[in-house]
Amino acid sequence: MLKLISGKKIQLSILLFLYAGVFSLKAAIPISGIINSYTSVSAIVGTSLTVASTAGFAIGDKIMIIQMKGATITTTQTVNYGDVTAYNSCGNFEYTFITNIVGTTITIQSNLVNSYTVPTGEVQIVTVPQYCSVNIVDTLKAKAWDGSSGGILVFESGGTVTMNADIYVSGNGFRNIAPCNTGPLTCGNLNYYISTNNCVSGKKGEGIAEYVNTAQSGGRGHLANGGGGSNRGNNGGGGGGNYGVGGIGGFEANSCAANTTQGLGGMALDYTLGKMFLGGSGGNGQGNDLGAIFGGGAGGGIVIIAAKSIITNGYTIWNEGKDVTGITINEGAGGGGAGGVVSLDIPVITGILNISVNGGDGGSTNNNTAIADCTGPGGGGAGGVVWVSGGALNPNIIYSATGGLTGLALSPLRSCFNTSFGATAGASGNAIFNLPPHILPLSILPINLGPDQVACPLEQVLLDPGNGFSTYVWQDASTDSNLIAIGPGIYYVTVIDTAGCLGSDTMNITLAPQYNFNIATGDTTVCAGQTVVIDAGAGNTSYTWQDGTATQTYSTVDTGLFTVQVVDAFGCIGNATYNIHNFPPFTFTIGTGDTSVCYGQPVTIDAGSQWDLYLWQDLSTNQTFTTTQAGQYFVNVQDTLGCIGSATYSIFYFPGIILDLGLDTAMCEGDSIILDAGIYPDYLWNDGSQNSKITVTTPGDYSVTITDFNGCILADTITILDYYPIPIFDLNDTLICIPDTLTILAPAGFSDYLWNDGSSLNFLRISKPGGYSLTITNSFTCFSKDSFNVTLQCPTALYMPNAFTPNGDGVNDYFLPIGYNITEFHMQIFNRWWQLVYETDNFEKGWNGEAKGVPGEIGAYVYYVVWQGKLEGVFNSGTLKGNVTLIR
């Protein structure tokens, strides 16, 4: 038997000495380049984020959400232009997890704590890779801020971060702006904002506030922490701001009589609000002579690292503002970018961790081609921020947050040579404390060998911590992905996954207690004195019964509880019981079962000869029992083992024996009755007939005896009483002349009448000649019948209709006289103009309404008829004149 053990339990109670040789196996994940994914957020509804793209994001990822812009600024044409009046949601950030992704909608774990302004606040989400242990094998970078996403490097480690390369995000913050050098030169403009159209001014550096519009994009006023640009006289751009204020740009060209118009530095941001910002970029100088010109430097990005410990190996985290390294010729130079933010939640630092969040240097100018001119260098960018957890800086952190230097006027023949020409350096940054701590990923993997087990001494137990790990080390130093444990003891494993995470668990296998098992078919019941063989089953190494018997089987004639103990091939001990009972009384069937007989026929019931004792319901003790009565009979028997059984036996009379000649009755005079004894094999009537039926014509007693198909004999008798009288009546022949009718009355005082047309009234109306009959039934159901004839006979006469409809429908289509016994006939028909339209001598041919083949007009016509007839030698004649109407 092999037990498979698996589960989800994390067992942390591990004796450390068991793993002293295993920790050296722990491996770190190598990382380099850009490890984060970025996308902008356009809508937030509850836990649903609408993003530009879900590429690089997956369900279960930890993400950072942060708003990059959205501060409100002063927009008046004063020195306060660009000052932040409200940070709003700008700089808000927090962490959460992705629970679902559908299309461009990302669902997060819970509602966000902070508020965010979408889409105008440039809100983005960034993946937060989580590692157990990690090794930076080449320069670690961030995607540069592109106006909607980027600028942030963030990751977490539940173990140790080992630096074998630098981290570099310098210049990944707010962007430098491309300059131009085709504008006009106008001295003495003191505005704080100017349009950038046609290159009439240098553009302000990018910061946490959006540009208001094109008309306010240029000029010397700063844009929150973005450095101020240049007015129209080639002054230098201001440096970007972050923790500190950016430096001021240099003066206008000295051909403008040393006007003091200068690009103001980006303002210092308030980190007491718990927000986080990119470094502001430097403002641009203004150009007009088509000389070489370079824009302001980009600001530093944001670096966030949370880990249990870090081994620095002398490497550095670089997050500086960008210098303006090109030398501007005859134009105003750009300001340097501000340093970024490095945020650390790392309690243990081994070695010196160098961090640089310096501001970038402003750009220099050189005007050799304009002998009498100096133009403004750029101001320096401000220093950034080192933000750490806890209330003090770890002594192993060495950071630099100095402001960037100014650019220089490098025209060697000018009075401004090698001076800043009014430009100033950026202010220094600082370290701040009490960064909210991160919830780090587990450094110990949640593996599980399952709960502790019990096993027999020789039983195999399969220990399986699961798949997906790169390294397995068991207590016996084996490195297979699973282990077969045999026998009691403590077993343990340490695993390492591809993320460098380590996990371990133990399994305590103890000796199994005695077990219970079932014997074959289980308990049994037998008759008293019967031998039973109990079989404990094959496959065990030893058997011990309750009386010390050591065989696989045990034989007994006793009842009661029997026990056995066995030992199997794994050394496990089992116990079983077996109970033997005596049978209760049983039932059996007598012979072929119940029977049916003719009425009064004797039946002998035989309980069988195999029993030792018999006891019938009347206490008789014979093997057989004889009776002539239908009913149920029972018997108890006892076999040679002493088991008692019982049986029942039912006797029925054969069904379906019905012989009934009917009730005594009488008959009508001249009638007969058929007596039917049914369908049986044999018959015998009292007149000696052997048919199933006889016909009786006289009163008297009649009887029959039959033998049915079961051999049963049955007899019945019927008495035919006296004769009943029959109805006496007489109907005479008669005459009819159509269309006259006749009414024939039947004699009264009888029960039923039936005429030959099916009517059942005591009279009949006749409308045509023919043969007729009547059947009369009296109260004794005796009947008689009489017939008579009706002959057609009418006097000599002729009748003329007064209208007809010759429309071809088959009804009244002809003008035809009605007459009886006509011998001569002549008819003429005239129209209203007394024109003859029809004439005939044929009594049976009428007028169809046509004159010479043409249908006659609707209306009245005059007929003139001369006729003569004869009936039984008597002549009759006449002349008829009248009107007939033709209708269509």
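The values are calculated or read from the model by the stated rules, or taken from the named source; none is laboratory data. In this text the structure is predicted, and so the values were computed from the model without any measurement. Counting neighbours? That spans all protein chains shown, and the Cβs are built from the backbone with ideal geometry, glycine included. With ligands, DNA and RNA removed, areas are computed over all heavy atoms of the protein, side chains included. Shrake-Rupley method; radii C 1.70, N 1.55, O 1.52, S 1.80 Å.
I'd like to check one number: the per residue accessible area of the chain, probe 1.4 Å, reported in Å² as a whole number.
Heavy-atom SASA per residue in the chain reads 46 Å².
Just add up the charged neighbours of ILE776: K/R +1, D/E -1, any other residue whose Cβ is under 13 Å from the Cβ of ILE776.
That works out to -2.
What does the extension gain come out to for THR74 and VAL454, with contour length at 0.36 nm per residue minus their alpha carbon separation?
The THR74-VAL454 span can extend by a further 129.1 nm.
Let a ≥ b ≥ c be the square roots of the eigenvalues of the Cα gyration tensor of region 177-286; is it rounded (a/c under 1.5), or, if not, prolate (a/b larger than b/c) or oblate?
Because a/c hits 1.5 or more and a/b exceeds b/c, region 177-286 counts as prolate.
With a 1.4 Å probe and all protein chains in place, put HIS438, HIS581 in order of accessible area, largest first.
Final ranking, largest accessible area leading: HIS581, HIS438.
Cβ under 14 Å from SER555's Cβ, SER555 left aside: what net charge do those residues give with Lys, Arg +1 and Asp, Glu -1?
-3
Please report the carbon-and-sulfur percent of the accessible area for the chain; probe 1.4 Å, protein heavy atoms only, DNA, RNA and ligands left out. Present the calculation step by step, with values, prior to reporting the outcome.
Values: 22050 of 40840 Å².
Carbon and sulfur atoms account for 54 percent of the accessible area of the chain.
Could you sort the peptides 323-332, 681-690, 225-234 by per-residue average Cβ neighbour count (10 Å cutoff), highest mean leading? It would help to have the intermediate numbers written out before the result.
On the way: 323-332: 24.8, 681-690: 12.6, 225-234: 36.2.
Top of the packing list down: 225-234, 323-332, 681-690.
Where the only charges are on Cβ atoms (+1 Lys, Arg; -1 Asp, Glu), what is the dipole of the chain about its Cα centre, to the nearest 20 debye?
I would put it at about 6500 debye.
Mind running the shape call on the chain? Use the C-alpha gyration tensor, a ≥ b ≥ c as the square roots of the eigenvalues: rounded below 1.5 for a/c, prolate if a/b tops b/c, oblate otherwise.
On the way: a/c = 7.55, a/b = 1.70, b/c = 4.43.
It comes out oblate by the Cα gyration axes.
Compute the length gained on full extension between TYR723 and VAL102: take 0.36 nm times their separation in residues and subtract their Cα-Cα distance, giving the result in nm to one decimal. Kindly include the intermediate steps, with their values, before the conclusion.
On the way: separation 621, 0.36 × 621 = 223.56 nm, distance 10.72 nm.
In short, 212.8 nm is gained.
Which FRET efficiency value, to the nearest 0.05, do you get for GLU850 and LEU735 by plugging their Cβ-Cβ distance into 1/(1 + (r/R0)^6) with R0 = 56 Å?
On the way: r = 39 Å, r/R0 = 0.71.
Given R0 = 56 Å and the Cβ-Cβ separation, E is 0.90.
What does the highest-first list of 401-407, 198-204 look like by mean Cβ count within 10 Å?
Details: 401-407: 30.0, 198-204: 28.4.
Averaged packing, sorted descending, gives the order 401-407, 198-204.
I'd like to know which of SER281, ASN354, LEU408 lies farthest towards the positive end of the charge dipole of the chain, counting +1 on Cβ of Lys and Arg and -1 on Cβ of Asp and Glu.
It is LEU408, whose Cα lies furthest towards the positive end.
For VAL533, project a label point 7 Å along Cα to C-beta. Then give me every residue of region 546-575 with its amide nitrogen under 15 Å of that point.
551-557
Say the cut-off is 20 Å between C-alpha atoms; which of LYS845/LYS881; LYS69/LYS275; LYS141/LYS322; LYS62/LYS143; LYS141/LYS275 go over it?
Too far apart for the 20 Å limit: LYS141/LYS275.
Output the lone cysteines of the chain: those with no second cysteine's C-beta under 4.7 Å from their C-beta.
Within the chain, the cysteines lacking a partner Cβ under 4.7 Å are CYS90.
Could you check the spin-label model distance between LEU663 and LEU112? Points 7 Å from the Cα along Cα→Cβ, value in nm.
About 10.5 nm separates the two model spin labels.
Rounded to the nearest 0.05, what FRET efficiency is calculated for SER148 and THR419 with R0 set to 35 Å and r the Cβ-Cβ distance?
Between SER148 and THR419 the formula returns 0.30.
Within region 662-690, name every residue whose backbone N is under 13 Å away from a label modeled 7 Å from Cα of PHE709 along the Cβ vector.
679-682
Residues in region 733-749 near a label at THR791, defined as backbone nitrogen under 19 Å from the 7 Å Cα→Cβ point?
So the set is 733-744.
What nm distance separates the two modelled labels at ASN691 and LEU462, each placed 7 Å from Cα along Cα→Cβ?
Spacing of the two 7 Å Cα→Cβ label points: 9.4 nm.
Run the numbers for THR823 and PHE517: contour at 0.36 nm per residue of separation, minus the present Cα-Cα distance, in nm.
Contour length minus Cα-Cα distance gives 97.4 nm.
In nanometres, what is the gap between the two model label sites at PHE583 and THR553, each 7 Å from Cα along Cα-to-Cβ?
2.1 nm
Between THR840 and LEU742, what FRET efficiency follows from the Cβ-Cβ distance if R0 is 35 Å, with the result rounded to 0.05?
0.55
Given the protein chains as shown and a 1.4 Å probe, how many square angstrom of LYS881 are accessible, to the nearest 10?
The accessible area comes out at roughly 140 Å².
Per the Kirkwood treatment, what hydrodynamic radius in Å, one decimal, follows for region 555-670 from the mean inverse distance over all distinct Cα pairs?
19.5 Å
Using a 10 Å cut-off on Cβ atoms, rank the peptides 763-772, 485-494 from the highest mean neighbour count down.
485-494, 763-772
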